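To start, the structure under review is shown below, and the notes come after it.
The values are calculated or read from the model by the stated rules, or taken from the named source; none is laboratory data. All figures in this text were calculated on a predicted structure; none of them were measured in a lab. Counting neighbours? That spans all protein chains shown, and the Cβs are built from the backbone with ideal geometry, glycine included. Note: accessible area is taken over every heavy atom of the protein model, side chains too, but ligands, DNA and RNA are not part of it. Shrake-Rupley method; radii C 1.70, N 1.55, O 1.52, S 1.80 Å.
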Amino acid sequence: MTTSTPSSTGLRGTPVVPGVAAGPALLVRGEVSPEAIARFGDGNFSDADAAMAAYDAAVSAVAATFARKAEKATGPAAEVLTASAGLAKDKGLRGAVSKFVAAGTPLLQSVGAAVEQFVSIFTTMGGLMAERVTDLEDIERRVIAHLVGEPEPGVPTPSEPSILVAEDLAPSDTSGLDPQLISALVTERGGATSHTAIIARQLGIPCVVGVAGAMDIKAGTFMVVDGETGAVEIGTDVEEAAERVAASQAARAALAAWTGSAETSDGTPIKLLANVADGPSAVDASREPVQGVGLFRTELCFLKATEEPSVEEQGEIYSTVLGAFGEGQYVVVRTLDAGSDKPIAFATMPGEENPALGVRGLRLSFGNPGLMDRQLDGIKLAADKTGTETWVMAPMVATVAEAAEFADKVRARGLKPGVMVEIPSAALLAHRMLEVVDFLSIGTNDLTQYTMAADRMATDLAHLTDPWQPAVLQLIAITAEAGVQAGKPVGVCGEAAADPMLACALVGMGITSLSMAARAVRPVGAQLSQVSMDTCEAAAEAALGASDPMAARAAVRALLAG
Ligand code: PEP
Ligand code: MG
């Protein structure tokens with residue numbers, strides 16, 4: 001149980017990676033000093049060409065920093081950094097700066113004005129593009145720092161293990177983080193699916209986001225972060241903190257040592273599966289104690305493709321994922337979830353006003369049925385080639401008619417059809433969906449977004465984009481119950497499945513499989529192995545009966561501890 005000394009004071013945010021850490025606050029302000037900017041003034045350039053030459057030199061230096069960091073990073077972090085290097089050198093951005101300079105605006109203000117233009121374009125585009133606004137602002141600060149002769153802003157290297165406190169973190173801040181020196185992340189903004197949360201999960205360090213007032217903490221202040229409760233404490237007794245950290249580390253080590261089998265303490269089997277993006281991530285996941293893949297996000301294979309790959313090419317790509325799994329395992333392939341935060345050049349509709357509510361996912365096949373047919377043919381090729389048991393599901397399904405039509409196409413190819421439950425209408429009609437498909441998989445990231453009408457990428461709505469919200473839990477419970485009644489599998493493949501406490505409540509509702517980032521599988525499996533089905537059911541009831549996410553977490557925590 002978490003306690004704090006009477007003298008400690010606290011802030012609270014949304015907990016995203018469990019664990020307790022303590023240490024001095026390491027603040028990332030990320031601003032260039034106003035004195036250096038004042039000293040630089042208008043830069044005293046002889047003409048516009050000289051000003052642009054200085055801009056080009058600064059941009060090259062910034063791109064080189066990103067490229068260096070990308071070399072040291074792996075996986076998604078490396079990709080994001082390479083993209084940032086490209087964005088820094090963007091010709092459109094340079095063109096905008098050059099226009100302001102030619103019109104007589106001083107260079108620093110020209111950079112600011114050009115970035116502002118791009119920020120507003122990206123914000124209007126929404127989704128993944130809006131998420132790049134933090135990257136753009138980061139690039140602006142770095143370019144300005146180079147121009148005025150200051151070091152690039154970013155995370156200082158601490159001399160002792162510290163807690164990183166920031167307003168929000170850009171990929172360039174987090175890519176090189178050493179978990180030996182940064183023992184937790186706390187941000188004032190950001191949500192459960194923010195970049196900060198993803199990196200913290202990768203590093204396996206406690207993380208709390210959306211902590212109002214975090215930036216008022218003074219650098220060096222001793223603090224305790226609890227990634228399970230969302231508490232950020234100041235003034236906690238150092239010895240008490242050390243005990244809590246040691247207990248948490250021991251608990252995390254025990255969880256990480258779990259290797260199976262996936263069942264509750266009284267023997268109810270649960271399928272634990274991995275979410276993968278491509279062949280290499282599937283091979284990595286196959287080394288974990290999983291029964292296969294619960295979500296293969298096929299669109300992530302095509303983020304850079306300008307043209308639709310042929311059926312044969314798709315078959316090859318899908319085979320690299322299916323081929324990583326064999327006897328007794330299965331792979332759930334999701335058809336293209338293009339659009340909104342995942343634009344794909346050959347599939348998505350440009351210029352939608354509100355792409356999250358637009359023609360995304362399954363809806364793209366309404367006007368372009370061949371796109372779906374060819375993908376299903378590619379999946380069939382891969383299934384036949386590898387012999388791996390293959391289930392296929394569609395994203396963004398809103399009506400039973402959509403589910404029925406999709407199921408016919410999948411069955412015609414001898415594969416097992418299912419649909420994702422990401423839209424409240426699908427959850428409310430889960431029992432009817434199950435009359436036409438063989439399984440359901442709840443995408444809690446989008447189900448939360450659409451239930452709470454809160455953009456999953458919004459940095460200031462973390463309290464709403466929380467799968468512990470009672471309304472979201474109700475919809476999950478309705479869906480799970482429909483599965484129990486129909487005797488068909490209902491899984492969860494959104495971020496909620498990776499939360500060990502929530503996993504127990506989900507199983508108690510009747511969820512039969514949990515699919516998550518491969519790294520999260522062991523802690524979830526270990527937690528489930530420690531509780532009986534009765535406790536899971538009690539956890540479900542307690543979570544559903546709570547008035548808000550924090551009360552739900554507290555109620556489930558108390559039950560699991562007892
Ligand atoms: C979800 O929405 O929960 C989900 C798993 O799909 P994605 O995160 O790819 O939208
Ligand atoms: Mg989704």
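Structural remarks
- Every pair of residues 6+ apart whose Cβ atoms lie under 6 Å, when the first sits in segment 35-48 and is of a type in the set (D, E, K, R) while the second is in a loop (DSSP other than H, G, I, E, B) and surrounded by 12 or more Cβ atoms within 10 Å (Cβ to Cβ): 42/106
- Scanning segment 438-456 for residues that are part of a loop (DSSP other than H, G, I, E, B) and surrounded by fewer than 23 Cβ atoms within 10 Å (Cβ to Cβ) yields a total of 4.
- Going through (1) open to solvent by 40 Å² or more (accessible area, probe 1.4 Å); (2) within 16 Å of ligand 2 (Cβ to nearest atom) one by one, residue 474 falls short only on (2).
- On the stretch given as segment 371-424, residues that are more than 16 Å from ligand 1 (Cβ to nearest atom), among the aliphatic types (A, V, I, L, M) and within 26 Å of residue 447 (Cβ to Cβ) total 11.
- Residue that is farthest from ligand 2 (Cβ to nearest atom), among those in segment 383-411 that are under 13 Å from residue 372 (Cα atoms) and open to solvent by 60 Å² or more (accessible area, probe 1.4 Å): 408
- One residue stands out in segment 413-437 among those that are within 15 Å of ligand 2 (Cβ to nearest atom) and either of a type in the set (Asp, Glu) or not in a helix (DSSP H, G or I) (or both): the one that is farthest from residue 512 (Cα to Cα), namely 423.
- Considering segment 457-480, the residues that are free of Cβ contacts under 8 Å to residues at least 40 places away in the same chain and either outside any loop (DSSP other than H, G, I, E, B) or farther than 30 Å from residue 212 by Cα (or both) include one that is nearest to ligand 1 (Cβ to nearest atom), namely 472.
- Looking only at residues in segment 153-179 that are over 23 Å from the mean Cα position of the chain (by Cα) and open to solvent by 50 Å² or more (accessible area, probe 1.4 Å), the one that is modelled with the highest pLDDT is 161.
- Of everything listed in (1) away from ligand 2 (no atom under 16 Å from the Cβ); (2) in contact with a helix residue (DSSP H, G or I) (Cβ under 6 Å, 6 or more places away or on another chain); (3) closer than 24 Å to residue 407 by Cα, the single unmet condition for residue 288 is (3).
- Residue among 58, 50, 38 that alone is assigned to a helix (DSSP H, G or I), of a type in the set (A, V, I, L, M) and more than 23 Å from residue 94 (Cβ to Cβ): 38
- Residue pairs meeting the criteria (Cβ under 7 Å; at least 6 apart or on separate chains; first within 12 Å of residue 377 (Cβ to Cβ), in segment 409-422; second within 16 Å of ligand 1 (Cβ to nearest atom) and assigned to a loop (DSSP other than H, G, I, E, B)): none
- The lone exception for residue 347 - which of (1) at pLDDT 95 or above; (2) under 26 Å from the mean Cα position of the chain (by Cα); (3) aliphatic (A, V, I, L, M) it fails: (1)
- Counted residues, segment 412-437 - those being of a type in the set (Lys, Arg) and buried (at least 24 other Cβ atoms within 10 Å of the Cβ): 0
- Looking only at residues in segment 22-59 that are among the β-branched types (Val, Ile, Thr) and over 30 Å from residue 237 (Cα atoms), the one that is most open to solvent (accessible area, probe 1.4 Å) is 37.
- Unmet criterion (only one of (1) within 28 Å of the chain's Cα centre (by Cα); (2) assigned to a helix (DSSP H, G or I); (3) not β-branched (Val, Ile, Thr)) for residue 391: (2)
- Helices (runs of 4 or more DSSP H) contained entirely in segment 238-327, each with at least 3 residues that are farther than 15 Å from residue 522 by Cα and aliphatic (A, V, I, L, M): 238-256, 311-322
- When every residue of segment 257-275 is checked against the conditions, at least one turns out to be open to solvent by 30 Å² or more (accessible area, probe 1.4 Å), within 23 Å of residue 468 (Cβ to Cβ), of a type in the set (Lys, Arg) and within 26 Å of the chain's Cα centre (by Cα).
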